[in-house]
Amino acid sequence: MIQRGLLLAAVFSIAGAVSAQNGPNPTIASEVKQNYERTKDLIVRAAAKMPDEGYSLKATPEVRTFAQVVGHISEAQAMICGGILGQPTRVDTTKTAKADVIVELSKSFSVCDRAYGSINDSNISQVAGAGFMGGTLAGRLYGNLIHDNEMYGTMVVYLRMKGIVPPSSEGRGR
């Protein structure tokens, strides 16, 4: 009976800790922000892990270099997040050196930090923009996340080609 009581106490303690980590009931706005932070972390870490000479690497002759992939992420984020803020932002996608490419990536994340930071439960369903760039804030920001995750997947291929374990696989022994 004592062991059963200790087991139940341990289970409830663990359940409480897991619940506390997830915070209060999630909302669409909080989930969008959480997913953005996770994706941002992976992209920034992947860009940092690639050595300088890897920025000119191409998976095949027909595709972008690693620098161009990161530049494409920067350009798309500046366009999408800048559009949400009503502040069109430009980044220089002609950069090829690691340090320069990362500066442009940081610029685009700065704009997106403000765009994602501007959402809350009362405005997340707000509709704005037109055509491809139109829709609810949730939809537009998730569109950015989908693109970022696709491009992170591309970055992973380049890292693997260089024998580098990508951030999303760290600690798994591969």
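The values are calculated or read from the model by the stated rules, or taken from the named source; none is laboratory data. Fair warning: this is a prediction, and the values are worked out from it, not measured in the lab. No Cβ is skipped: glycine too gets one built from the backbone with ideal geometry, and neighbour counts run over all protein chains shown.
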(request) Can you confirm whether the stretch 60-68 contains a residue that is closer than 18 Å to THR154 by Cα, touching a residue at least 40 places away in the same chain (Cβ under 8 Å) and in contact with a Pro (Cβ under 9 Å, 6 or more places away or on another chain)? (result) no
(message) Yes or no: the stretch 75-93 includes at least one residue that is part of a loop (DSSP other than H, G, I, E, B), polar (S, T, N, Q), closer than 22 Å to GLU31 by Cβ and in contact (Cβ under 8 Å) with a residue 60 or more places away in the chain.
(response) no
(request) For GLN87, indicate whether it is polar (S, T, N, Q), surrounded by fewer than 14 Cβ atoms within 10 Å (Cβ to Cβ) and under 27 Å from ALA138 (Cα atoms). (result) yes
(request) Working carefully through the options ALA97, ALA138, find the one that is modelled with pLDDT under 95 and of a type in the set (A, V, I, L, M, F, W, C). (result) ALA138
(request) Look through ASN144, ASN149, ASN123 and report the one residue that is more than 15 Å from the chain's Cα centre (by Cα) and either surrounded by fewer than 14 Cβ atoms within 10 Å (Cβ to Cβ) or at pLDDT 95 or above (or both). (result) ASN123
(request) Check whether at least one residue in the stretch 98-118 is more than 20 Å from the chain's Cα centre (by Cα), at negative phi and not hydrophobic (A, V, I, L, M, F, W, C), and report yes or no. (result) no
(message) Please determine whether any residue of the stretch 22-36 is under 23 Å from LEU159 (Cα atoms), at pLDDT 95 or above and out of contact with any Lys or Arg (no Cβ under 9 Å at 6 or more places or on another chain).
(response) yes
(message) For the stretch 46-57, which positions are surrounded by fewer than 16 Cβ atoms within 10 Å (Cβ to Cβ) and touching a helix residue (DSSP H, G or I) at 6+ places or on another chain (Cβ under 8 Å)?
(response) ALA48, PRO51, ASP52, SER56
(request) For the stretch 121-174, name all the residues that are within 16 Å of PHE66 (Cα to Cα), part of a helix (DSSP H, G or I) and among the β-branched types (Val, Ile, Thr). (result) THR154, VAL156, VAL157
(request) Go through the stretch 94-120 and count every residue that is among the aliphatic types (A, V, I, L, M) and not in a helix (DSSP H, G or I). (result) 2
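In this structure, is VAL70 more than 30 Å from ILE28 (Cβ to Cβ) and within 20 Å of the chain's Cα centre (by Cα)?
Values: more than 30 Å from ILE28 (Cβ to Cβ): no; within 20 Å of the chain's Cα centre (by Cα): yes.
Spelling it out, it is not the case that VAL70 is more than 30 Å from ILE28 (Cβ to Cβ) and within 20 Å of the chain's Cα centre (by Cα).
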